[in-house]
Amino acid sequence: MAPGDRLPSVRDLVRRHGVSPVTVTRAFALLAAEGAVVTRPGSGTFVAPRRARPGDTPADTSWQAVTLGDRSVDTARVSHLLGPPPPGAIIMSGGYLHRSLQPTKALAAALARASRRPDAWDRAPAAGLAPLRAVFARLAGPGVAPDDVLVTGGGQGALSMAFRAIAAPGSPVLVESPTYPGALSAARAAGLRPVPVPADGDGIRPDLLAEAFAMTGARLLYCQPTCHNPTGATLAHERRRQVVEVARANGAFVLEDDFARLLGHGAPLPPPLVADDRDGTVVYLTSLTKPASPSLRIGALVARGPVMARLRAMRMVDDFFVARPLQEAAIELVSSPAWDRHLRALAAALRERCAALAAALALEAPGWRVERIPSGGLHLWVRTGRAEDAAETARRYGVAVDPGEDFFAAEAPGAFLRVGFAAAADPAELAEGARRLGAAARGE
């Protein structure tokens, strides 16, 4: 058929091919998604204009390089987190739960209940729905009020907003070394310069943090004090107070990324830094995405004083508000008994998977070293002791893992991998992944 030709009607195709109307409708939807047809309500479905073929003269967009200038957004550190895995690979990368660990039935029920609310499609307040802000306030600690909460479109969006709100382009931002690569990309996209501060088994070192503030004049520290990504370390009790005091003494903010608050493995986690902060030094960030589903893009920022006023102003000019149906669904989800049951089951499953993967790696790759068994989170931080690209080698053996160099703002002090235990289908698949990693380590 030629471009512009009208396709037969659904009724004609049902009769001609002996299939159901649902099948024909799905076929039309697939063709439309592929750009092969165009549906015009009231007129029918038509063949779409042809796409450019090999050999056609390409459009010349080179002029845009001059207009856009030397600014760029570096996605190299995060593209593999969202890109498609190799065919047949065991997924031990990324930061999301396998579908079998997600509360899919509870999510579907919550979304259905939310959609039946008479005001579900009304405009939402810029700061977020009051019941949802109350949920995040309780999560952050007893000293946090719902008015201190700004609902965001997930944790990554909150990171980007906070970096742009707190620090001016061109200024330094202190980060743990290593740290979450999505934070490094967001900081650089905001025009900031990440400066690494070394950490050890007890978290970021307050003595070196004080030196970094003094040397750089930075006014912002980004850190993950609880179940740190990627190392799994939790900041020691005494250091938690020292980190906040060092930042306060330098007139700086602490951006606390508490991504693992609902990803504990059963043991109690220490309270967030923001719970004991009364002066607005700590800006707190958390999310419902990781313990629920990648598409439940609901997070929150907690702040006090002028910084909250700026964050709210940025929300107004960025996108006005987070979609109300999604907020309503989140409220329905976390208010249901199914949510508590899910979190208990998830903690047990993560604890089991974490221990199983650590044991399997010790057996299959004895030359590698798991730095620590975390008390929460989705990953193990593994020192491989090999300078070559272990992540690329693993991909050739059918396992997707995260390369360690992506987690450092500067040169990596060694060879590491971040190996996840939540994205695989089950413990048996984790065991097979460890076996393949062992073979890759041995070069078999």
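The numbers here are math on the coordinates, done by the rules we state, and not lab data. What you are looking at is a predicted structure, and each value in this text was computed from that prediction instead of being measured. So basically every Cβ, Gly included, is an ideal-geometry build from the backbone, and we count neighbours across all protein chains shown.
Here are a few things to note about the model shown:
- Under Karplus coefficients 6.51, -1.76 and 1.60, residue-wise ³J(HN,Hα) of the stretch 268-285 in Hz, glycine/proline x: x, 9, x, x, x, 4, 5, 5, 9, 9, 10, 9, x, 5, 9, 9, 9, 9
- Rounded to the nearest 20, the Cβ-based charge dipole of the chain about its Cα centre (Lys and Arg +1, Asp and Glu -1) stands at 1440 debye.
- Each Lys or Arg adds one and each Asp or Glu takes one away; over the other residues whose Cβ falls under 11 Å from the Cβ of A36, this sums to +1.
- Spatial separation of Cα centroids for the stretch 299-321 and the stretch 175-215, in angstrom: 23
- A124 sits among other residues whose Cβ lies under 13 Å from its own Cβ, and their net charge, with Lys and Arg +1 and Asp and Glu -1, is +1.
- Computed over neighbours whose Cβ is under 9 Å from that of D279, the net charge equals +2, Lys and Arg +1, Asp and Glu -1.
- The chain: calculated mean residue ellipticity at 222 nm from DSSP helix runs of at least 4, using -39500 (n - 2.57): -12000 deg cm²/dmol
- At 1.567 mPa s and 4 °C, Stokes D of the stretch 1-55 from Kirkwood alpha-carbon radius, µm² per second: 108
- Percentage relative contact order, the stretch 1-55, counting C-alpha pairs under 8 Å, at least six apart: 43
- Residues considered: S115, S177, S160. Largest GNM mean-square fluctuation over the chain, using C-alpha springs under 10 Å, is found at S115.
- Positive-pole candidate from L174, T231, A145, dipole of the stretch 104-336, charges at beta carbon: A145
- Summed over all non-identical Cα pairs, the Kirkwood treatment of the stretch 183-247 gives a radius of 12.4 Å.
- Over the stretch 104-336, relative contact order from alpha-carbon pairs under 8 Å, at least 6 apart, %: 30
- Length-normalised contact order for the chain - Cα pairs under 8 Å, 6+ apart - percent: 21
- The stretch 343-401: chymotrypsin sites (Phe, Trp or Tyr not before Pro) falling in loop per DSSP and having at most 15 other Cβ within 10 Å: none
- Descending semi-axes in whole angstrom, ellipsoid equivalent of the chain, from the Cα gyration tensor: 39, 29, 25
- Between amide H atoms placed 1.01 Å from N, distances below 5 Å from L255 occur with L221, Y222, C223, V283, all of them 5 or more places distant or on a separate chain.
- Between M1 and L68, the distance separating the two model label sites (each 7 Å from Cα on the Cα→Cβ line) works out to 3.6 nm.
- For the chain, share of DSSP beta bridges that run antiparallel, in % to the nearest 5: 60
- Between A355 and A109, the distance separating the two model label sites (each 7 Å from Cα on the Cα→Cβ line) works out to 2.9 nm.
- If R0 is taken as 56 Å, the Cβ-Cβ distance between S43 and R341 corresponds to a FRET efficiency of 0.65.
- Counting only DSSP beta bridges whose two residues both lie in the stretch 104-336, roughly 40 percent are antiparallel.
- Gaussian network model of the chain, Cα within-10 Å springs - most flexible of R117, R369, R26: R26
- Of P131, P230, P49, the one that fluctuates the most in a GNM where the chain has Cα springs shorter than 10 Å: P49
- Expected-Rg normalisation [2.2 N^0.38 Å, Cα atoms] applied to the stretch 135-285: 0.96
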